[in-house]
Amino acid sequence: MNFKYDVIVIGGGHAGCEAATAAANLGSKTCLITMDMNKVGQMSCNPAIGGIAKGQIVREIDALGGQMGLITDRTAIQFRILNRSKGPAMWSPRAQCDRAKFIEAWREVLENTPNLHIWQDTVQELLVENGEVVGLITIWGVTFRAKCVILTAGTFLNGLMHVGKTQVDGGRMAEPASYRLTESIAKHGVSYGRMKTGTPVRIDARSVHFDLMETQDGEADFHKFSFLNGSARHLKQLQCWTCYTTPETHRILREGLIDSPLYNGQIQSIGPRYCPSVETKIVTFPDKEQHQLFLEPEGETTQELYLNGFSSSLPLDIQLNALKQIPAFKDVVIYRPGYAIEYDYFDPTQLTHTLESKIIKNLFFAGQVNGTTGYEEAGGQGLIAGINAHINCHGGSPFTLARDEAYIGVLIDDLVTKGVDEPYRMFTSRAEYRILLRMDDADIRLTERGYQLGLVTAERHQLLQSKQEAVDKVVSFAKNYSIKPALINDQLEALGTTPLRQGCKLMDLLSRPQISIENIAPYISAFKQEIEKATALEPERKEEIIEAAEILIKYQGYIERERLIAAKLSRLESIKIKGKFDYATLQSLSTEARQKLIKIDPETIAQASRIPGVSPSDINVLLVLCGR
Ligand SMILES: Cc1cc2nc3c(=O)[nH]c(=O)nc-3n(C[C@H](O)[C@H](O)[C@H](O)COP(=O)(O)OP(=O)(O)OC[C@H]3O[C@@H](n4cnc5c(N)ncnc54)[C@H](O)[C@@H]3O)c2cc1C
């Protein structure tokens, strides 16, 4: 058999599903080849989407017309905004999801996407002719031809799992690894390495003493992931629980280190710094007497619970014994042990900003195979790879996102410019313009770009325009309306803030930390009426509009300052240098800069300046040469 497609996506994980739906929705004849159709969008580790900076990525995927936000809203069993005690640039949505329903929802989306065919199989060889990918062959001997191929094989490439001394081949528990594919790509000169990650035990809820734990409730307000109408609370909303490890837990874990594959030399690859195993926590923080654990439901109806914070690859008896030293788990029964997994990844500096390989034309890489960790990071890359694979097939300018435009832009620029030496996860601190990259404005930042591409519908585009007009009206009223002391001073005193001596603009009053639109609008009837008028067309979005307007009012100074800095630096982004220099001959550059510039071959001066090892004086040399 011989099948022909525009785009073939290898792997139906978070990157692959976004890539396949994006390419197909844009009109490419697309095939998603994945090992197991019943595991599409499987959450290999914790059953939760979002979190700090990751939540912003999901909102960006949504604004560009991707699926992760919609599917998360459909399957959320607990929703919260994290980091509320900090400024809005740090607020991040997070949802606990029903793992099985998440997969079901993805499968429904995939099966109903026009132009998208699914093939259940394992790819084992890429077909490359004259430096260009032309197709692939599966383990069943089926040959597929394609104009573009997107590799999103996650943790499956030569995957090896560890529990104590026991090692089992596999891409994820109970799933086979993928062999020969890494080698079939590497033989064309693509370099690859090895990384590691891990996951905790899963617990039977019937064995837990919940009365010995603190509960953690979700929030019931208007927030959700997708901009599209509808609620994020379709399913029954559930609690999570927290508890702490004990000194006795630590003693058992410490004594077990000798049998730990992480500490006895069995695992050599580097794991995610910010999701350490519990044994790593004990070693890194020897003086800490307890570590917090979160017990999270895996679904609406299942008894299975996920123990966040207790990832481990220690032998099963040690994991279990250590766990039983925590009062709530003294009678614990588990469904399966925690385990670690090692897998291959490809050096992402071999990619352009579209995620296309610089070495094999029309071959794209997205997700864990690029050295990242996390569903959201994978989804964001999948979307960009899917869009650009479509563009390679049908024409158009490459689609990339800038660092001041999206966390996805920061992520991809970091990957292709700096590379990775440990699993890369997104943080707000990685973004230099984080006040511009908020969760509340992802739709305003990116919907237009998704619309121009053809991924965002006209209806959604129109909905966003109405929202933006409403926000602008509220902000503009606050800027122009003067408020008299007599009208508001009683209320200001009641809110614990200094009364006015003379009139001021409403905007100035709203910039005080004690004042919000919610607590002051009821006392200023003109403002109240303006809000009603502005939100009349979209009453169901009233709270969303008020929140967006309030953030713009309160943080206007910071936002403008970041925009100015971004605009200044964007001048460097516009100085194109790709192909302009033979770096090997530029003796005025440092040796390290010469080597790095040859390897990365940056598009612009700005990208060159972000390459580790390229100093400001190297950049000056390039600028002087550009001037010449
Ligand atoms: C044990 C474990 C623990 C983890 N812990 C964490 C954590 O603590 N924090 C965190 O952020 N992330 C963690 N992750 C990583 C997280 O699961 C990934 O970041 C995320 O799933 C990556 O998405 P992806 O789409 O790149 O790959 P995956 O979700 O892994 O999907 C890959 C898909 O490709 C398919 N596939 C693979 N090879 C082939 C082939 N040759 N042919 C056809 N199909 C193929 C697979 O069947 C699968 O559907 C963990 C993963 C595992 C396995």
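The values are calculated or read from the model by the stated rules, or taken from the named source; none is laboratory data. Bear in mind that the values here come from a model prediction, so they are computed numbers and not experimental data. Here the Cβ positions follow ideal geometry from the backbone for every residue, glycine too, while neighbour counts run over all protein chains shown. Just the protein is used for accessible areas: all its heavy atoms, side chains included, with ligands, DNA and RNA removed. Shrake-Rupley method; radii C 1.70, N 1.55, O 1.52, S 1.80 Å.
Listing for the model above:
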item	result
Selection from segment 136-163 of residues that are more than 11 Å from the ligand (Cβ to nearest atom), open to solvent by less than 20 Å² (accessible area, probe 1.4 Å) and in a loop (DSSP other than H, G, I, E, B)	Val142
Filtered residue count, segment 240-291, keeping only those that are surrounded by 15 or more Cβ atoms within 10 Å (Cβ to Cβ) and in a loop (DSSP other than H, G, I, E, B)	15
Matching residues in segment 188-207 - criterion: being more than 16 Å from the ligand (Cβ to nearest atom), closer than 28 Å to Leu253 by Cα and open to solvent by 50 Å² or more (accessible area, probe 1.4 Å)	Arg206
Candidates Gly374, Gly419, Gly454, filtered to the one that is of a type outside the set (Asp, Glu), open to solvent by 10 Å² or more (accessible area, probe 1.4 Å) and over 18 Å from the mean Cα position of the chain (by Cα)	Gly454
Qualifying residue in segment 126-135 (condition: touching a Leu at 6+ places or on another chain (Cβ under 7 Å), under 29 Å from Pro315 (Cβ atoms) and surrounded by 15 or more Cβ atoms within 10 Å (Cβ to Cβ))	no
Residue in segment 208-221 that is among the hydroxyl-bearing types (Ser, Thr, Tyr) and surrounded by 19 or more Cβ atoms within 10 Å (Cβ to Cβ) present	no
Restricting segment 358-414 to residues that are touching a Phe, Trp or Tyr at 6+ places or on another chain (Cβ under 8 Å), aliphatic (A, V, I, L, M) and farther than 23 Å from Met195 by Cα, the residue that is farthest from the ligand (Cβ to nearest atom)	Ile391
Inter-residue pairs, beta-carbon under 7 Å, first over 23 Å from Lys361 (Cβ atoms) and within 9 Å of the ligand (Cβ to nearest atom) and in segment 109-130, second aromatic (Phe, Trp, Tyr) and open to solvent by 50 Å² or more (accessible area, probe 1.4 Å), 6+ apart	Asp121/Trp140
Enumeration of residues in segment 510-530 that are in contact (Cβ under 8 Å) with a residue 40 or more places away in the chain, open to solvent by less than 10 Å² (accessible area, probe 1.4 Å) and assigned to a helix (DSSP H, G or I)	Leu510, Ile517, Phe527
Residue count for segment 164-180, restricted to those that are open to solvent by 90 Å² or more (accessible area, probe 1.4 Å) and of a type in the set (Lys, Arg)	2
Strands (runs of 3 or more DSSP E) wholly inside segment 320-434 containing at least 3 residues that are among the hydrophobic types (A, V, I, L, M, F, W, C)	339-346, 363-365
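Here's the yes/no breakdown for (1) more than 21 Å from Asn46 (Cα to Cα); (2) outside any helix (DSSP H, G or I):
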site: Thr182; (1), (2): yes, no
site: Ile185; (1), (2): yes, no
site: Lys196; (1), (2): no, yes
site: Arg206; (1), (2): no, no
site: Asp221; (1), (2): yes, yes
